[in-house]
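Undergrad: Got a structure for you, written out below as structure tokens; questions coming shortly.
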Amino acid sequence: MLNISKSEHTANSLNEYIDILKKLDVSRKTIFRGQGYKEWKLESSGERKKLKSYQYHEIWLEYYKNNYRITGETLNSNNDFLNLVVDMQHYRIPTMFLDWTYNALIALYFAVEQTGNGVKPKDGKVFIVLSPDIYEPDTDEVKILTEYLSAVYHNQDSQALESQYRLLRQLRARKRMFFCVPQSNERIRVQAGLFSVTLSIDNKKILKKAVDELRLPDNSRNRKLDKEKMKAASNFNDFMGCINSEIFRQKYPVIDDLLKKDWIGDYIWPKNSETDIIDTIIIPYSSKADIKKDLENICHIYARTIYPDFIGYAEYIREKY
């Protein structure tokens, strides 16, 4: 979950954009994402298309069967599945991932990339995010994420649910996970890229497993009935309504202490563990073409350098002519 931004700025030129960045409180954990239309939500391509688990499985089968014909490379099914999904993202196949960058100018390029004839006039936006954690490839969190992805793309629902639950517990209920991967292709390197994935916490089965973890102090029949009532909640908001009721709190006065020690408590009282959009910068459509030109001439950032492969070269030729 991303909190509301602290402030919104507007940059009408490359210099204005850089001046805004100089004034902001950024750190080594600050990351950026540029989008061509300011009204777009922070959603992965799979989220925008509202893909179901079985559809990710179908996508994987298509990619696996046709990979050599499309990419000219032999696909090894024993490869790290995380990198295989990153490769699908590379070829613009819908995935659960959202691209980010450590480089503010790269993010600006993506916010102004689409200009010229046939492009509807839309203001762009750059999101500036301070993430409390960006997980490296060798961490337990990334290993569990890899298990989760493999289960989803292989249509193994029970294993996917178990991995998702383990990951939510490991992340202390943080729903958006930021992570790096080994630089498996040149595009990630030049774009200073990293990714995020959004995890759903409202699955009824996850709620049931979380309720089972709460050790209510009463061993009577009432405790069993209360647990069944909590499990029957349709989502975490209903669950909160149940445990916040006056009758429930009279019966279990220690419930707050129990939740504060449990990972679910971090979902209910996020404290400082949430990811924050600390600022956003609007890029007016009328300024996009000039900013894009300056990025190429001054910063050497344009389609040919952003996409250092044949796809990028074809895009560069298409734009130029």
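Bear in mind these aren't lab numbers, they're just calculated from the coordinates by the rules spelled out. It should be emphasised that the depicted structure is a prediction, and the values quoted were computed from it without experimental measurement. Positions of Cβ are backbone-derived with ideal geometry, glycine not excepted, and every protein chain shown enters the neighbour counts.
Undergrad: Determine which aspartates and glutamates satisfy two conditions relative to LYS224: a Cα distance under 17 Å, and not lying fewer than 8 residues away in the same chain.
TA: Of all the aspartates and glutamates, those that pass the test against LYS224 - Cα under 17 Å, at least 8 places apart if same chain - are ASP212, GLU213.
Undergrad: Given charges of +1 on the Cβ of Lys and Arg and -1 on the Cβ of Asp and Glu, with all other atoms neutral, how large is the dipole of the chain about its Cα centre, in debye to the nearest 20?
TA: Once rounded to the nearest 20, the dipole reads 780 debye.
Undergrad: When only DSSP loop residues count, what trypsin sites (Lys or Arg not before Pro) in the range 196-303 have their Cβ near at most 11 other Cβ atoms within 10 Å?
TA: ARG215, LYS271
Undergrad: Which label belongs to the value computed from this structure, given these candidates for Rg/Rh (Cα atoms, Kirkwood Rh): [x] 0.95; [y] 1.07; [z] 1.03?
TA: [z]
Undergrad: Here's something else I'd like to know. Identify which of ASN244, ASN155, ASN12 has the largest mean-square fluctuation in a Gaussian network model of the chain, with springs joining Cα atoms closer than 10 Å.
TA: It is ASN244.
Undergrad: Under a 10 Å cutoff between Cα atoms, tell me which one of LEU149, LEU167, LEU259 has the largest fluctuation in the Gaussian network model of the chain.
TA: LEU259
Undergrad: Sticking with this structure for a sec: Once you've got the GNM for the chain with C-alpha springs shorter than 10 Å, pick whichever of SER287, SER150, SER131 has the biggest mean-square fluctuation.
TA: SER287
Undergrad: From the backbone phi of the range 149-156, what are the Karplus-calculated ³J(HN,Hα) couplings (6.51 cos²θ - 1.76 cosθ + 1.60, θ = phi - 60°) in whole Hz, Gly and Pro given as x?
TA: Running phi through 6.51 cos²θ - 1.76 cosθ + 1.60 with θ = phi - 60° gives 4, 4, 5, 4, 6, 9, 6, 9 Hz.
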